[in-house]
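Chemist: Have a look at this one.
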Amino acid sequence: MAKYKLEYIWLDGYTPVPNLRSKTQVKDFASFPKLEELPLWGFDGSSTQQAPGGSSDCMLKPVAVYPDSTRKNGALVMCEVMMPDGTPHPSNSRATILDDPDAWFGFEQEYFMYQDGKPLGFPVDGYPAPQGPYYCGAGFKAVGDIARQIVEEHLDLCLDAGINHEGINAEVAKGQWEFQIFGKGSKNAADQIWVARYILNRLCEKYGIDIEYHCKPIRGDWNGSGMHANFSTKHLREVGGKAYFDALMAQFGKNMEEHVAVYGPDNHLRLTGLHETQSIDKFTWGVADRGSSIRVPHSFANNDWKGYLEDRRPNSQGDPYQIASRILKTFSEVPTK
Ligand code: ADP
Ligand code: MN
Ligand code: MN
Ligand code: MN
């Protein structure tokens with residue numbers, strides 16, 4: 001038997017976007033615990049905007065577990081928040097996602113590192129050189145020193161945890177970075193994004209740096225941060241066809257406002273039609289078009305309209321649970337026959 005440190009992680013009740021919360025439970029296990037072995041646990045919902053003080057108990061239900069290599073015998077336990085009667089709490093967006101083991105998502109999480117109220121690498125006064133050299137750059141002038149160290153440490157911690165990172169890159173603005181995570185199953189990639197965000201936030205504590213997830217932290221000619229959602233269902237990958245694609249896009253167009261409502265706050269600041277975005281009030285798709293709401297990869301159009309699509313509208317602060325939930329809801333409204 002060994003004492004395992006189980007970090008129970010959950011989303012609080014703040015709007016428009018939840019914050020990550022976590023606390024540690026120490027328990028004896030013979031080896032790294034399986035999900036089924038992890039108990040429910042309670043917390044004070046009155047401190048997280050999830051319950052009134054007079055009836056403050058909420059429940060944490062483990063839904064995924066990952067090794068935590070920062071701690072001896074550590075585990076990161078992603079949880080859903082439940083009511084005391086076992087039903088999902090109203091803030092539990094994960095519970096709204098349709099179960100579909102054949103739905104695949106790939107999220108591209110962009111973010112800024114922030115120190116002393118501005119992006120890491122910005123001078124004390126004013127701005128650094130304009131955008132251009134930073135995207136996928138190398139060298140102190142392009143990416144600074146600490147940033148890459150953090151990004152590399154984060155990548156290793158995520159890989160240790162079994163998180164399916166597919167890549168990382170320095171982004172267009174100074175101090176801005178991206179990682180991509182892919183997962184099969186309707187909730188899988190979203191779970192991993194939340195845990196990867198948690199690992200990143202926690203890692204940055206010792207550097208005196210915070211992650212700024214807001215989609216447009218600096219006004220002016222600086223790129224905002226997105227979280228492009230790449231998605232496919234079994235039908236889209238294996239049957240597809242132009243008629244189905246057209247019907248799907250018509251439904252995305254019809255539901256434009258419902259999608260944008262859960263694609264992250266302040267998105268009007270980012271979806272301007274500039275900086276590789278479409279305006280927030282237009283829905284368009286285009287082959288290889290980064291100025292469209294939905295980019296259709298060449299591989300999709302050339303493969304009889306089969307494969308995956310990229311919704312470019314979700315932003316860096318969006319809740320991947322709400323985003324996946326909305327996308328699959330729109331799919332469910334389009335007949336596959
Ligand atoms: P770009 O920056 O050009 O948009 P990235 O390489 O950053 O492209 O991201 C592409 C994303 O597409 C990755 O997250 C990947 O996991 C995802 N992806 C690839 N194939 C599929 C698929 N069949 N279903 C869902 N997502 C996919
Ligand atoms: Mn990308
Ligand atoms: Mn990007
Ligand atoms: Mn993209």
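The values are calculated or read from the model by the stated rules, or taken from the named source; none is laboratory data. Keep in mind that this is a model prediction, so the values were computed, not measured. Neighbour counts run over all protein chains shown; Cβ positions are idealised from the backbone, glycine included. For accessibility, only protein heavy atoms count, side chains too; no ligands or nucleic acids. Shrake-Rupley method; radii C 1.70, N 1.55, O 1.52, S 1.80 Å.
Chemist: Using only protein heavy atoms and a 1.4 Å probe, report how much of Phe331 is accessible, in Å² to the nearest 10.
Modeler: Answer for Phe331: close to 20 Å² accessible.
Chemist: Can I ask one more? Quick check for me: using +1 on Lys/Arg Cβ and -1 on Asp/Glu Cβ, what's the dipole size of the chain about its Cα centre, in debye to the nearest 20?
Modeler: Dipole size: approximately 200 debye.
Chemist: Moving on. Mind putting a number on the dipole of segment 1-70 about its Cα centre? Charges go on the C-beta only, +1 for Lys and Arg and -1 for Asp and Glu, and I need it in Debye to the nearest 20.
Modeler: Dipole of segment 1-70, to the nearest 20 debye: 100 debye.
Chemist: Same structure, new question: Around Val296, with a cut-off of 10 angstrom between Cβ atoms, what is the net charge of the other residues, counting Lys and Arg +1 and Asp and Glu -1?
Modeler: Computed value for this residue: -1.
Chemist: May I pose another question? Kindly provide the helix-only [θ] at 222 nm of the chain, computed as the sum of -39,500 (n - 2.57) over DSSP H runs of four or more divided by all residues, to the nearest 500 deg cm²/dmol?
Modeler: Dividing the helical sum by the residues of the chain leaves -6500 deg cm²/dmol.
Chemist: Quick one: which of Lys118/Lys174; Lys254/Lys282; Lys184/Lys254; Lys3/Lys72; Lys187/Lys254; Lys141/Lys174 span more than 20 angstrom between C-alpha atoms?
Modeler: In this structure, Lys184/Lys254; Lys187/Lys254 lie more than 20 Å apart at Cα.
Chemist: Still on this structure, please answer the following. Run the reach check for Lys337 against aspartates and glutamates, Cα to Cα strictly under 20 Å, same-chain hits fewer than 8 apart removed. What comes back?
Modeler: Leaving aside aspartates and glutamates fewer than 8 places away in the same chain, those within reach of Lys337 are Asp100, Asp102, Glu238, Asp246, Asp304.
Chemist: Then there is this: Give me the number: length gained by fully extending Leu40 to Ile146, i.e. 0.36 nm times residue separation minus the C-alpha to C-alpha distance, one decimal in nm.
Modeler: 34.3 nm
Chemist: Right, something else. Keeping every protein chain present and rolling a 1.4 Å probe, give me the accessible area per residue for segment 104-332 in Å².
Modeler: It amounts to 40 Å² per residue over segment 104-332.
Chemist: Can you tell me how much longer the chain between Asp160 and Ala30 gets when fully stretched, taken as 0.36 nm per residue apart minus their C-alpha distance, in nm with one decimal?
Modeler: 44.8 nm
Chemist: Which sequence of Thr284, Thr70, Thr233 reflects their accessible areas, 1.4 Å probe, from the largest down?
Modeler: The ranking, largest first, comes out as Thr70, Thr284, Thr233.
Chemist: Separate question: In the Gaussian network model of the chain, springs joining C-alpha atoms below 10 Å, which of Asp319, Asp12, Asp85 carries the largest mean-square fluctuation?
Modeler: Asp85
Chemist: Also, I was wondering about something else. What percentages, rounded to whole numbers, describe P(r) for the chain computed over all alpha carbon pairs with 20 Å bin width beginning at zero?
Modeler: 30, 57, 13
Chemist: Could you work out how much longer the chain between Asp289 and Tyr135 gets when fully extended? Use 0.36 nm per residue separation minus the Cα distance between them, nm to one decimal.
Modeler: 53.5 nm
Chemist: Rounded to two decimals, what is Rg over Rh for segment 2-91 when you use alpha-carbon atoms and the Kirkwood radius?
Modeler: So for segment 2-91, dividing Rg by the Kirkwood Rh gives 0.99.
Chemist: Between the alpha-carbon centers of segment 172-193 and segment 93-125, tell me the distance in whole angstrom.
Modeler: Segment 172-193 and segment 93-125 have Cα centres separated by 7 Å.
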